[in-house]
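One structure is given below, encoded as structure tokens.
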Amino acid sequence: INLIKFLTGESINKAMSQEIVNLISESPTNLANAKEISTNFSQAQSKIQWEFWKAIENAFIRTGIILEENKNTVTYEKVLNYYRRKDRYFGLWSLIYQNNDITIHWGCEIDSNVYLGFTIENKGIGGISDLVENSKYREIIKECDSAYNPGKYWLGWQYTRPQLNFREFNLDAVFNLADKRELEKTVLQIATKAKKDIIHVQTALNKLVGSK
């Protein structure tokens, strides 16, 4: 892990950094191996991220979240393109509510960090979460968890806990995903909270409809 931190530019203490430099430069073999690791690191990043998406999809399914396929659903090709700076804003989605032309989705998506939350669409058109007429939906999300941040495209979004930055790839929480036990622990934690929030929001939405 310390070598990974060094190669990805994450700050480590000066003594540890010097120790790694000394180790790399003490022999032609070590130097060649370090160069090979550095050259292939983006492939390792893709593998770790793809394993994360497969694991969290399974965790979502196990907790009872019904996922749907759409143009933004994560694929291995999108993960590869992510590190080629070609793809982002992909992930996993679930339709949790529909009333006439209004649909509300829960989603888990990636930009630099992985984040999740709730979106609203009218006749399939999104980008309307900040409209005045949708304030009642935003309030439901905020009541569910005040950490949700509203915006144009999201009734509320928040980073996963722990926070996972696959762009910078410089947090222990990301490095720990290489450990299968830590990966399983992380995705289960995220999925459990997601399911809890979805149930809370669905219950509140049904009450909202029933009160009309």
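Miscellaneous remarks
- In the stretch 155-168, the residues that are open to solvent by less than 40 Å² (accessible area, probe 1.4 Å) and closer than 18 Å to Lys193 by Cα: Leu155, Gly156, Gln158, Thr160, Leu164
- Filter result for the condition that a residue is more than 30 Å from Leu116 (Cβ to Cβ) and not charged (D, E, K, R), over Ser17, Ser42: Ser17
- Residue list for the stretch 99-123, restricted to those being out of contact with any Asp or Glu (no Cβ under 7 Å at 6 or more places or on another chain) and surrounded by fewer than 19 Cβ atoms within 10 Å (Cβ to Cβ): Asn99, Asn100, Asp101, Ile102, Asp111, Asn113, Glu121
- Only one of Lys193, Lys207 that is closer than 19 Å to Ile65 by Cα, open to solvent by 40 Å² or more (accessible area, probe 1.4 Å) and either in a strand (DSSP E or B) or of a type outside the set (S, T, N, Q) (or both): Lys193
- Criterion: free of Cβ contacts under 8 Å to residues at least 40 places away in the same chain, surrounded by fewer than 19 Cβ atoms within 10 Å (Cβ to Cβ) and of a type in the set (Ser, Thr, Tyr) - qualifying residue of Ser146, Ser129: Ser146
- Put simply, of Lys54, Lys35 the only residue that is out of contact with any helix residue (DSSP H, G or I) (no Cβ under 7 Å at 6 or more places or on another chain), outside any loop (DSSP other than H, G, I, E, B) and either crowded, with 16+ Cβ neighbours inside 10 Å or at pLDDT 95 or above (or both) is Lys54.
- Qualifying position, being surrounded by 14 or more Cβ atoms within 10 Å (Cβ to Cβ) and closer than 29 Å to Val201 by Cβ, among Ile66, Ile61, Ile96, Ile48: Ile96
The values are calculated or read from the model by the stated rules, or taken from the named source; none is laboratory data. All figures in this text were calculated on a predicted structure; none of them were measured in a lab. All Cβ positions, even for glycine, are placed from backbone atoms using ideal geometry, and neighbour counts span all protein chains on display. Areas reflect the complete protein model, heavy atoms only, side chains present, ligands, DNA and RNA absent. Shrake-Rupley method; radii C 1.70, N 1.55, O 1.52, S 1.80 Å.
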